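Working notes for the structure below.
The values are calculated or read from the model by the stated rules, or taken from the named source; none is laboratory data. Everything numeric in this text was worked out from a predicted model, so none of it was measured. Heads up, the Cβs are rebuilt from the backbone with ideal geometry, glycines too, and the neighbour counts pull from every protein chain shown. SASA here: full protein model, heavy atoms, side chains in, ligands and nucleic acids out. Shrake-Rupley method; radii C 1.70, N 1.55, O 1.52, S 1.80 Å.
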Amino acid sequence: EVRQHEHRQRRQIDRTGSAWLIRKFIDPEARFIFAAKIPANSRAVAFDMLDAEFSHVGEDCTFETLAKQFAIRDKALRKIGEMIHDADLDDDKFQQPEAIGIDRMLKGWAKQGLADDEILRRGFECFDALYAFLHRR
């Protein structure tokens, strides 16, 4: 049972989207800590960082890796994964540029000096709204 997740200190689109996916669809009790590496004797599960259990695999970004590993089958989430992939990897694989705006907001909030938890909270709100829009189409 995964209760704690760890990722890099400065979130971007894939890290924040992956954290949102974890909280909403994998482990609603997940807590996030922001560190460069996993503390010794920790129950933390690293994602979207070097040597992480969940990260980029092949052509997939971390969000896509998590969705596949946990067999999450949802059309709206698949579309969000495509958006995150294109914004994170900048390869236009899916021609879904919508998440680039979210990525720029996350980076802008970091440049403004907002606390990690506040940026994550705001990012979650963005993904909640995007999911609601896509899920009702």
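Of note:
- Spin-label model distance (nm) - Leu114 vs Phe94, 7 Å beyond Cα toward Cβ: 2.3
- The value given for segment 55-137 is a Kirkwood hydrodynamic radius of 13.5 Å, derived from the mean inverse Cα-Cα separation.
- Within the accessible surface of segment 73-135, defined with a 1.4 Å probe on protein heavy atoms only, the carbon and sulfur portion equals 51 percent.
- Point-to-point label distance, Arg121-Ile33, nm (Cα→Cβ direction, 7 Å offset): 2.1
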